[in-house]
Amino acid sequence: MDESDTKAEIKTTAENLTDHLSDYVETYLKLGVVNATQKATSVATVTLTATLLSIFCFFILFFAGLGVAVGLGERWGNMKVGYFTVALFYVLCALLFIALRRKLIFPWVRDQIIKKVYE
């Protein structure tokens, strides 16, 4: 082998290495985009599901509260007392939620989101 063959072989090897390296980087970037898209889709799905479930729960609680208020009002003979009793119950639930949000609610929501991101 002479010197020109060795240089040509090194040049060809370097070109092949450059081609493979650029393919590797391109594939790595595409994989990163796919992973990010999959995680974003997972988080969006959880968010949409939680939103819809919250809306359904709101209507369930609304109509159940209305029914209980009417039932209590008829039983006690005063509709206002029934409505105020149910309203007081909801105020107590809201105060309990506010009191426990930093200890129970926020950590649970945070953990669910993190679990979905790293899943």
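The values are calculated or read from the model by the stated rules, or taken from the named source; none is laboratory data. Please read all numbers here as calculations on a predicted model, not as lab measurements. With ideal geometry, Cβ positions are generated from the backbone for all residues, glycine too; neighbour counts draw on all protein chains shown. These area figures cover heavy atoms from the full protein model, side chains too; ligands, DNA and RNA do not enter into them. Shrake-Rupley method; radii C 1.70, N 1.55, O 1.52, S 1.80 Å.
Observations, loosely collected:
- Residue under evaluation Thr49, criteria (1) open to solvent by 100 Å² or more (accessible area, probe 1.4 Å); (2) farther than 16 Å from Ile114 by Cβ; (3) under 13 Å from the mean Cα position of the chain (by Cα), criterion not met: (1)
- Matching residues, the stretch 76-119, being of a type outside the set (D, E, K, R) and not in a helix (DSSP H, G or I): Gly77, Asn78, Tyr118
- Of the set (1) at negative phi; (2) out of contact with any Phe, Trp or Tyr (no Cβ under 9 Å at 6 or more places or on another chain), all apply to Val70 but (2).
- Complete set of residues in the stretch 2-44 that are in contact with a Lys or Arg (Cβ under 8 Å, 6 or more places away or on another chain) and open to solvent by 70 Å² or more (accessible area, probe 1.4 Å): Lys39
- Any chance Ala64 is more than 30 Å from Lys39 (Cβ to Cβ), at pLDDT 95 or above, open to solvent by less than 100 Å² (accessible area, probe 1.4 Å) and of a type in the set (A, V, I, L, M, F, W, C): yes
- Taking residues in the stretch 90-119 that are open to solvent by less than 90 Å² (accessible area, probe 1.4 Å), and partners anywhere that are small (Gly, Ala, Ser) and in a helix (DSSP H, G or I), the pairs with Cβ atoms closer than 7 Å and at least 6 places apart or on different chains are Tyr90/Gly65; Lys116/Ser42.
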